[in-house]
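Heads up, the thing below is written out as structure tokens.
The values are calculated or read from the model by the stated rules, or taken from the named source; none is laboratory data. Source: prediction; values computed, not measured. Using ideal geometry, Cβ is built from the backbone for each residue, glycine included, and neighbour counts are taken over all protein chains shown.
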Amino acid sequence: MSAVVDWIVAPLQFEFMVRALLAAVVAGLVGAVLSCWLTLIGWSLLGDAVSHAVLPGVVLSYIVGIPFGVGAFVFGAGAVGAIGVVRRTSRVKEDAAIGVVFTGLFALGIVLVSRTPSDTDLFHILFGNLLGVSTADLVQIGALGAVVLLVVGLKHRDLTLFAFDRVHSHAVGISPRRTEVLLLGLLALSVVTALQAVGVVLVVAMLIIPGATAYLLTDRMERMLLYASGTSVLTSVLGTYLSFHVDLATGGTIVVCQALAFVAVYLLAPRHGLLGRRLTRRRARQAA
Amino acid sequence: MTAGDQPVLRIRDLSVRYGEVLALDGVDLDLSAGTLGALLGVNGSGKSTLFNAVMGLVRPQQGEVRVLDGPSDRARRAGRIAYMPQVSAVDWTFPVLVRDVVTMGRYGRMGFRRRASRADRAAVDEALERVDLADLADRQIGALSGGQRQRVFLARALAQQASLLLLDEPFAGVDARSQATISSLLRELRTEGATLLVATHDLAGVGRLCDRAVLLQQRVLAAGPPEEVLTPEVLSRVFGFVTDETRSA
């Protein structure tokens with residue numbers, strides 16, 4: 001018993017671990033909340049695109065010496081805008097527009113990094129540096145996370161209406177276009193929030209896996225948000241501890257934990273899991 | 001026509017074009033208050049396009065749509081137009097309950113956070129009662145039969161308390177009991193003064209239900225009381241025309 005307590009408590013004597021765990025909780029929570037709407041709408045690929053497209057923004061922020069979140073948000077929002085422009089003003093379909101914009105911007109980021117003096121940071125930017133989160137980073141993550149959660153708390157019904165039935169939203173005079181812009185803004189902010197934890201390449205995992213996991217567990221939106229947040233925060237904290245104790249890459253460990261949680265739910269969920277569906281079918285056959 | 005007799009829905013010379021395809025061609029249509037109209041036509045005849053034009057979802061090439069004696073956009077923003085989608089257009093795996101969907105009918109009247117007031121909840125309960133779904137209010141929408149699914153969205157339109165209701169194929173995939181419930185509700189709504197337009201490609205039963213029938217095939221082929229429109233001559237002309245089209249395709 002004391003070994004377990006020790007496993008949990010001992011790392012807390014290091015301030016960098018406390019900061020890492022706090023950042024993991026905020027990133028996990030924000031990513032989880034957004035992931036519910038992203039997976040229901042089918043915007044997973046868009047989440048992937050935005051997270052890759054922020055790379056040049058992050059690099060430029062380091063060069064100029066401003067908070068990385070500013071540059072990341074500008075490029076994230078810019079990528080969303082560019083995808084929309086390409087799709088609307090050419091015959092290129094949306095998935096191709098997304099592919100062109102995000103790979104183009106990601107490549108621009110790589111080129112910029114190669115011309116930056118301290119190119120050791122590339123690994124941290126791409127794969128996260130949770131154990132190296134500074135107090136200033138933590139303040140930034142906390143503030144952005146608070147903004148996202150506040151807006152979601154106020155407008156979650158509009159987001160769900162948009163995800164479920166845009167035509168009805170239009171019919172009752174709630175502009176779906178405006179809700180879409182709001183959600184895209186929240187997406188960009190969430191990417192920036194989770195960036196520090198798992199890095200550019202893996203951010204999208206935080207924005208998809210918790211929602212996909214929770215969707216297999218419930219038929220109610222409120223519970224979906226709750227389950228997504230629960231699994232996401234738990235796996236983020238667990239991943240951070242594991243990476244500390246076993247000396248693993250933190251971002252990667254967190255995402256592996258989330259993926260394992262998804263696999264467990266995919267197999268074992270009572271109603272929408274593989275096993276649950278088999279049992280229901282067998283019971284139906286026996287009853288017949 | 002007196003001032004009080006202004007039609008609730010007034011469409012004049014409406015044409016909609018999707019690229020090369022002319023989906024609607026100079027459509028005129030009037031529906032006065034307390035009318036139950038049927039919009040009849042085969043698939044691809046422009047019924048959905050006409051609804052989309054009334055809802056402001058497509059921009060007409062020419063012509064205009066007026067609702068309640070004003071631009072249709074104004075009526076829509078005021079929540080006066082309710083739209084009941086085809087069941088095939090709904091994501092039935094979405095994690096919402098029957099009550100949640102019906103409550104969405106009230107969103108246009110709610111404040112910034114869309115929190116339901118006591119009046120909103122009362123309207124939702126009443127709508128659920130009227131479509132006979134009060135017992136199933138806490139079911140996820142995918143756990144319903146075809147007829148029950150249609151009634152959820154009818155309840156949402158009721159909760160919205162709109163003046164003009166557009167219903168897209170409300171009898172598709174329903175059993176006899178739901179068909180009876182929906183039909184009698186549509187008649188009640190008409191009696192209460194609402195204006196309804198029901199799009200369907202199913203001619204059976206519509207004649208008994210509606211006061212006005214409009215036959216659409218890009219243009220209005222016939223419009224008037226159902227006994228005049230749904231005559232064997234007119235129908236054979238429409239469906240003969242359609243059959244020839246199908247044969248040549």
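Points to keep in mind about this one:
- Filter result for the condition that a residue is touching a Gly at 6+ places or on another chain (Cβ under 7 Å) and either touching a residue at least 12 places away in the same chain (Cβ under 8 Å) or buried (at least 23 other Cβ atoms within 10 Å of the Cβ) (or both), over A:Leu159, A:Leu207, A:Leu182: A:Leu207
- Residue check, A:Phe127 within 14 Å of chain B (Cβ to nearest Cβ) and either closer than 24 Å to A:Ser229 by Cα or touching a Phe, Trp or Tyr at 6+ places or on another chain (Cβ under 6 Å) (or both): no
- Segment B:60-77: number of residues that are closer than 26 Å to A:His156 by Cβ and more than 7 Å from every other protein chain (Cβ to nearest Cβ): 0
- Filtering segment B:120-132 to residues that are under 17 Å from B:Tyr83 (Cα atoms) and either assigned to a loop (DSSP other than H, G, I, E, B) or without any contact (Cβ under 8 Å) to a residue 12 or more places away in the chain (or both) leaves only B:Val131.
- Wholly within segment A:1-108, helices (runs of 4 or more DSSP H) carrying at least 1 residues that are within 14 Å of another protein chain (Cβ to nearest Cβ) and at pLDDT 95 or above: A:15-41
- Filter result (over 14 Å from the mean Cα position of the chain (by Cα), among the polar types (S, T, N, Q) and buried (at least 19 other Cβ atoms within 10 Å of the Cβ)) within segment B:177-216: B:Ser178, B:Thr181
Matching residues to (1) modelled with pLDDT of 95 or more; (2) under 15 Å from the mean Cα position of the chain (by Cα); (3) part of a helix (DSSP H, G or I):
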residue	(1), (2), (3)
A:His124	no, no, yes
A:His156	yes, no, yes
A:His170	yes, no, yes
A:Ala188	no, yes, yes
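- Qualifying residue in segment A:213-226 (condition: at pLDDT below 95, small (Gly, Ala, Ser) and either crowded, with 21+ Cβ neighbours inside 10 Å or under 23 Å from B:Arg139 (Cβ atoms) (or both)): no
- Flag if B:Arg247 is modelled with pLDDT under 85, part of a helix (DSSP H, G or I), surrounded by fewer than 16 Cβ atoms within 10 Å (Cβ to Cβ) and of a type in the set (Lys, Arg): yes
- B:Gly70 free of Cβ contacts under 8 Å to residues at least 24 places away in the same chain and either crowded, with 18+ Cβ neighbours inside 10 Å or closer than 25 Å to B:Leu203 by Cα (or both): no
- Qualifying residue in segment B:31-48 (condition: in contact with a Leu (Cβ under 8 Å, 6 or more places away or on another chain) and within 27 Å of A:Arg177 (Cβ to Cβ)): yes
- From A:Arg223, A:Arg283, residue being over 11 Å from the mean Cα position of the chain (by Cα) and more than 14 Å from every other protein chain (Cβ to nearest Cβ): A:Arg283
- Checking A:Glu180 against (1) part of a helix (DSSP H, G or I); (2) within 30 Å of B:Ala162 (Cβ to Cβ); (3) in contact with a helix residue (DSSP H, G or I) (Cβ under 6 Å, 6 or more places away or on another chain), the condition it does not meet: (3)
- So B:Val174, is it part of a loop (DSSP other than H, G, I, E, B) and surrounded by 17 or more Cβ atoms within 10 Å (Cβ to Cβ): yes
- Residue in segment B:205-222 that is without any contact (Cβ under 8 Å) to a residue 40 or more places away in the chain and touching a strand residue (DSSP E or B) at 6+ places or on another chain (Cβ under 6 Å) present: yes
- Selection status of B:Asp125, modelled with pLDDT under 95, more than 30 Å from B:Thr231 (Cβ to Cβ) and more than 14 Å from chain A (Cβ to nearest Cβ): no
- Residue count for segment B:177-209 satisfying the condition of being of a type in the set (A, V, I, L, M, F, W, C) and assigned to a helix (DSSP H, G or I): 7.
- Test: residue in segment B:28-50 that is surrounded by 17 or more Cβ atoms within 10 Å (Cβ to Cβ), closer than 18 Å to B:Leu167 by Cα and within 14 Å of chain A (Cβ to nearest Cβ): yes
- One residue alone among B:Ala143, B:Ala159 is within 13 Å of chain A (Cβ to nearest Cβ), buried (at least 20 other Cβ atoms within 10 Å of the Cβ) and either free of Cβ contacts under 8 Å to residues at least 60 places away in the same chain or among the polar types (S, T, N, Q) (or both), and that residue is B:Ala159.
- Filter pass, A:Gly145 being away from chain B (no Cβ under 14 Å), at pLDDT 95 or above and in contact with a helix residue (DSSP H, G or I) (Cβ under 6 Å, 6 or more places away or on another chain): yes
- Restricting attention to segment A:109-122 and to residues that are assigned to a helix (DSSP H, G or I) and small (Gly, Ala, Ser), the residue that is modelled with the highest pLDDT turns out to be A:Gly109.
This table checks each residue for (1) in contact with a Cys (Cβ under 6 Å, 6 or more places away or on another chain); (2) among the acidic types (Asp, Glu); (3) within 14 Å of chain B (Cβ to nearest Cβ).
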{"position": "A:Leu150", "(1), (2), (3)": "no, no, yes"}
{"position": "A:Thr160", "(1), (2), (3)": "no, no, yes"}
{"position": "A:Asp165", "(1), (2), (3)": "no, yes, yes"}
{"position": "A:His170", "(1), (2), (3)": "no, no, yes"}
{"position": "A:Ile174", "(1), (2), (3)": "no, no, yes"}
{"position": "A:Gln196", "(1), (2), (3)": "no, no, no"}
{"position": "A:Leu207", "(1), (2), (3)": "no, no, no"}
